[in-house]
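Notes to accompany the following structure.
The values are calculated or read from the model by the stated rules, or taken from the named source; none is laboratory data. Just so it is clear, the model here is predicted, and its values are computed rather than measured. Cβ placement follows ideal geometry from the backbone for every residue including glycine, while neighbour counts extend to all protein chains displayed. These area figures cover heavy atoms from the full protein model, side chains too; ligands, DNA and RNA do not enter into them. Shrake-Rupley method; radii C 1.70, N 1.55, O 1.52, S 1.80 Å.
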Amino acid sequence: MKLRIPFIFIGLFFITMVFAQQNIKGTIIDKQSEMPLIGATVEVASMNTVTGVTTDIDGNFSIIGVPLGRHTLVVSYIGYESISLPNIEVTAGKEVFLEIGLEENIEELNEIVITAEVQKDKAQNELATISSRTFSVEEVNRFSGGRSDIGRLAANFAGVSTANDARNDIVIRGNSPTGVLWRLEGIPIPNPNHFSTAGTTGGPVSALNPNLIKNSDFMTSAFPAEYGNALAGVFDLGLRSGNRDKHEFMFQLGAVSGIEALAEGPINKETGASYLVAARYSFVGLASSLGLPIGTNATPNYQDISFNINFGNSKFGKFSLFGIGGRSDIDFLHDEVDENDLFAAIDEDSYARSGFGVVGIKHNLIVDDKTYLRTILSGSTSINKFDSDRYFDLGTPEQTIKRLQEANNAEYRFSFSSFVNRKFNAKLTAKAGILLEEFQYDLSNRTREFTPDWITVYEFKDNTLLGQAYVQTQYKLNKSFTINAGLHTQILTLNDDFAIEPRLALNYHVNDKNTISLGYGIHNQTIPLPILLARAETSEGVFEESNINLEAARSQHFVLGYDSKLGDSWRAKIEAYYQYIDKVPVESTPSSFSTLNEGADFVFADDKINLVNEGTGFNYGVEFTLEKFFSKGFYGLLTASVYDSKYKGSDGVERNTAFNNQYVLNILAGKELKIGKDKRNALTFDTKLTTAGGRYYTPINLEASQSIGREVLDDANAFRERFNPYFRWDVKFGIKLNSKKRNLSHHFYFDIQNVTNNKNIFTRRYNRLTNEVNEVNQVGFFPDFMYRIQF
C-alpha cells in the first residue's frame, strides 16, 4: 500500500494538458455601506480586445471565457474611485470569484484609478488605517517556509517573529503571543491550533484551513475600537463563500497540512445560496516514518473540518452558517524519544489530547441604502488533556512508574455580537456594537512531581461573562485628511474588572503616492486562565484562587508611520512605535517573574500565586518594509525590524523580556516562468531568508538543580544570557499545469526548509538522568511538499 500511494498521485499529476478558458465572477459593493453597486463597469484590460460587463441589481458580474493566465481588471462606477486589480490568476480548475469594494469620491475630481495591490497595506476593515494590512490565501501558499499556516505567514511582516520553528506562536513587537486576538467571521475564537493548551494562542499545527479563508486583516497596534481584550495584535479572518453557479472540487496532499478534500457549489442559484466544506487528516506520521525531522519521534495525529454555508438573499436578510472543528492527540513514550526531543523527556510517558470547535450563524440585514445591521451568534469549545507518568530507577530491576500530573481543561464559550454600520455621507461613516461572551469552565490541574501527595494547581468549575461595547467613526475632512476615532469598554464579571479605552488614528495623504499616519490606543487584556485561577493554600487543607482579583494588564500604543508608493507595483513603508504596559501581574515578593514572559510554550508557570498588578514593561522600535507586488512574473518583500523589549518584575530590576530579539530581517522573492507552447503552465521558484537576534533566557542553576534533582533557574540573572542569532534559508520549487480538454488544474511544490541545516537553538534544559544541562536545537533541514488538483 505504501508503494501504491505515490504512484496514484504521480498518475493524477501527469494526466493533464492545458484548458483554454475560465470565468471571472464577483460582486461590487460600496466599501463603507456594503450596498451593492448597480451598473458598475468591470473590464478585463489585459486581453487583446478589452472585454467588459456591468453589474446587475445585486452588484454581481460574470465575465465568461477569459483566457488562462494572469489578468488585470478595472472596475469603475460614477462618483466612485475606480480600482485596478492586477495579477488575477485564472486557472482551468476553478472559477475566479472576487468581492470588490469601491470608495465614494468626497470631492468632484477627475477620475482616479487606484491599483489594488499597492494598497495591501490597507486592511479590509475600512476603519483600520494604521499598523494593519490585508493578506490573501495566495500569499499563504506562495511564500516559502510557510507550511500553509496563516500564523507563520504573519512572521514575514515587519515587527513580527515566531517564538520557534516548532510552534506558530506570533510575537508582535516584543509582546507575548498571548496578546494576540483571533477573530473568525467577526467573533473572537479560542486558540485555533492543534495541540493547543489553555491560555495560549499558538501551537505546532494550525487548524485553520487557508483554502477557505478570504482576504483578511492582520493588525499590530492601535487597532480600531471594535477589537478588544488584546495587547499585541489581531488576526481578523473571514471565510469565503462557495461557488454559487457550479460545483467544484479539490484534493490536496501535504507533508504538514495532510490529506485534504474540498467541495463547493450552489444550493439555490436564484438566491445565490452556496456551500463550501473541506476536511483534512494528518500526514505527518508518514513523514516521520520516512525519516523526515518533525521535532519528535512521537507520531502526531490531527484532523479538522471547516465549512461555510451561505443561504443567499431573502426578505429577512442574508444568513450564513459557518464552523471549524478539530481534534489532535500524541503519545510521548520514553522508549521512543531521545534527549534531543523538543517536547518529551526520556524517563517519562506523556499523553496529550486536544479539541477545538466553533460554529456560528451570521445575519446581515440591509436597513436602508446607507445602513446595515450584522449579528453573529456562536458557540465554541476548547478542550485539552495531559497526563504524565515518570519512571524511577529506569532500566534497573527496581524500575517503578508513577503518575505525576493530570490536567483536564475544557472551555465552552457562547458569543453574541451585533453592530450597526451607517454611512452618513461620503465623508462620515460610523459603527457601534456590542460583544457578549459567556465562558463556562471545567478546569483542573494537579501534580505530585515534588511531593508524595497530590497538590491541586487549580480546580475551577464556574462561568463568567466578558462584555464589550464600542463606537468607531471615520471622518474624511477632504481628499487628504482622514480621522478615525473610537471608544471601547469591557468588563469581566468574574472579578468586576472594568476598562475604558480610547482609540485614535490620523492619516494625511501628502499626495497620491505618500501618506503619513499617526495612531494612539489604550488596550486591556484579561490574565490567562492558568494564572488567574492558580490556587494557594490559605490554611491547612484549604485552597483558594489567590489571583482571582487580578485586573487586566494595560497597554498604551503610540505609532507614527510613513508610506510611499514607489511605482505601479512597488511600495515602501516605515513605522516607529512606543508601547508602555502597566498593571502587569508580578509576585508580591521581590522576584524577576512577570506574565509578559509567559505564553510561548504549552504551559504557564503553575506555582505563581498571590500575584499583584504592579509590574511594567515597554517596547519601542522602528520597522521598514520594501515590497514589490507580483507583476511581470516576479515579486519581492523585505521587512526589517529593530526594537527593544524590557520589563520590570516585583524586584524593580529592568530586564530584557523573553521575546526581545532586538532585530529581525526577512528577505523573500519569487519568480514565475511561463512554459509550454501556449505559455499557460508555469514553473515557480520562491525563496526566503530570515535572521534574527538570539532570545534572552534565564540560565539554569546547575548546583541547585543537582541537589534537588530538578531544574532550578538562576533568578538573580534572569534574562541576562542570550542564545546565538537565528538564521534560516528556505527554497521552494513548484509547477502549475492546466488541462487542455477539461476544467482541471494541478499544482505541485517542493519546499526545502532550513536548506543549510543551521543549528538554531531551541532551549537549554536540565537533564535529570545525567545531571547536566543539555542544549536542544530546533528542527533542522525539513523538506515539505504539496500536491493539489482542482476540478
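Each residue, residue 58 and residue 428, gets one label point 7 Å from its Cα in the Cβ direction; the gap between the two is 3.4 nm. Figure legend: label point modelled 7 angstrom from the Cα of residue 78 along Cα→Cβ; residues of the range 416-444 with amide N under 19 Å from it are 426. Remark on residue 148: its backbone amide H falls under 5 Å from none of the residues 5 or more positions apart or on other chains, H modelled at 1.01 Å from N. Here the range 124-179 is assigned +1 on the Cβ of each Lys and Arg and -1 on the Cβ of each Asp and Glu. Its dipole about the Cα centre then comes out at about 120 debye.
Kindly provide log₁₀ I(q)/I(0) values, in the same order as q = 0.08 Å⁻¹, from the Debye equation applied to equal alpha-carbon scatterers of the range 526-685. With one equal scatterer per Cα and no solvent, log10 I(q)/I(0) is -0.43.
With a Cα-only, solvent-free Debye model of the range 558-637, what are the log10 I(q)/I(0) values at q = 0.13, 0.18, 0.26 Å⁻¹? Rounded to two decimals, the profile gives -0.65, -0.81, -1.16. Please give every one of the lysines within straight-line cross-link reach of residue 583, meaning a C-alpha to C-alpha distance under 20 Å, and leave out same-chain neighbours fewer than 8 residues apart. In chain and number order, the partners are 608, 646, 648.
Report the charge-dipole magnitude of the range 147-186 in Debye, nearest 20, computed about the Cα centre from +1 at each Lys and Arg Cβ and -1 at each Asp and Glu Cβ.
Values: 5 positive and 4 negative charges, 12 e Å.
Result for the range 147-186 is approximately 60 debye, rounded to the nearest 20.
Once Lys and Arg get +1 and Asp and Glu get -1 on their Cβ, which of 542, 567, 424 lies farthest toward the positive end of the dipole of the range 421-580? Toward the positive end, the furthest listed residue is 567.
Grab the Cα-Cα distance for residue 338 and residue 316, subtract it from 0.36 nm times how many residues apart they are, and report the gain in nm with one decimal. Don't jump to the answer; show the numbers that get you there.
Working: separation 22, 0.36 × 22 = 7.92 nm, distance 6.05 nm.
Result: 1.9 nm gained on full extension.
Each residue of the range 249-257 was assigned a 3J(HN,Hα) from its phi angle through the Karplus curve 6.51 cos²θ - 1.76 cosθ + 1.60 (θ = phi - 60°); the sequence is 9, 9, 10, 9, 9, x, 4, 9, 6 Hz, with glycine and proline shown as x.
For the range 365-502, state the average projected area of the convex hull of the C-alpha atoms over all orientations, rounded to one decimal in nm².
The Cα convex hull of the range 365-502, projected and averaged over all directions, gives 14.2 nm².
Centre-to-centre, using Cα atoms only, the range 610-662 and the range 687-745 are separated by 16 Å.
Computed over the range 694-738, the Cα gyration tensor eigenvalues convert (square root of 5λ each) into semi-axes of 43, 14, 7 Å, ordered from largest to smallest. DSSP beta bridges confined to the range 171-268 are antiparallel in about 75 percent of cases.
Each Cα pair under 8 Å and six or more residues apart adds its separation to the average, and for the range 298-353 the resulting relative contact order is 32 percent. Judged by the gyration tensor of its Cα atoms, with axes a ≥ b ≥ c, the range 685-791 is prolate; a/c meets the 1.5 cut and a/b is the larger of a/b and b/c. Placing a label point 7 Å from the Cα of residue 353 along the Cα-to-Cβ direction, none of the residues of the range 450-465 has a backbone N under 13 Å of that point. For the chain, the spherically averaged projection of the C-alpha convex hull amounts to 32.9 nm².
Backbone N atoms of the range 712-743 closer than 11 Å to the 7 Å Cα→Cβ label point of residue 704 belong to residues 712-718. Rolling a 1.4 Å probe over the protein heavy atoms of the chain, with every protein chain left in place, gives an accessible area that is 56 percent carbon and sulfur.
Using R0 = 35 Å, the C-beta based FRET efficiency linking residue 588 and residue 394 works out to 0.35. The alpha carbon centroids of the range 76-100 and the range 414-439 are separated by 28 Å.
For residue 742, the solvent-accessible surface with a 1.4 Å probe is about 120 Å², rounded to the nearest 10.
Ignoring ligands, DNA and RNA, how do 74, 603 rank by accessible area with a 1.4 Å probe, largest first? Mind dumping the intermediate values first?
Numbers: 74 35, 603 95 Å².
Ranking 74, 603 by accessible area, largest first, yields 603, 74.
Taking the Cα centre of the chain as reference, the dipole from Cβ charges on Lys and Arg (+1) and Asp and Glu (-1) amounts to some 3320 debye.
Couplings 3J(HN,Hα) for the range 187-200, derived from phi with the Karplus relation 6.51 cos²θ - 1.76 cosθ + 1.60 (θ = phi - 60°), are 10, x, 10, x, 3, x, 10, 6, 6, 7, 10, 4, x, 8 Hz, where x marks Gly and Pro. Mean residue ellipticity at 222 nm, helices only, the chain: -1000 deg cm²/dmol; runs of at least 4 DSSP H residues each add -39,500 (n - 2.57), and the sum is divided by the number of residues.
In percent, rounded to a whole number, the relative contact order of the chain is 11, using alpha-carbon pairs under 8 Å and six or more apart. Think of the range 648-708 as a dipole: +1 on every Lys or Arg Cβ, -1 on every Asp or Glu Cβ, centred on the Cα centre; then among 662, 683, 701, 683 lies furthest on the positive end.
Our note on the geometry: Cα centres of the range 301-372 and the range 579-606, 28 Å apart.
Taking a straight Cα-Cα cut-off under 18 Å and skipping sequence neighbours fewer than 8 places away in the same chain, the lysines within cross-link reach of residue 461 are 385. Label separation (residue 750 vs residue 580): 5.6 nm, computed from points 7 Å beyond Cα along the C-beta direction.
Projecting the Cα atoms of 724, 265, 228 onto the dipole axis of the chain, where Lys and Arg carry +1 and Asp and Glu carry -1 at the beta carbon, places 265 farthest toward the positive end. Ligands, DNA and RNA are left out, and with a 1.4 angstrom probe the accessible area of the chain is 41 Å² per residue.
For the range 302-341, trypsin sites (Lys or Arg not before Pro) are listed when DSSP marks them as loop and at most 11 other Cβ atoms sit within 10 Å of their Cβ; the list is 315.
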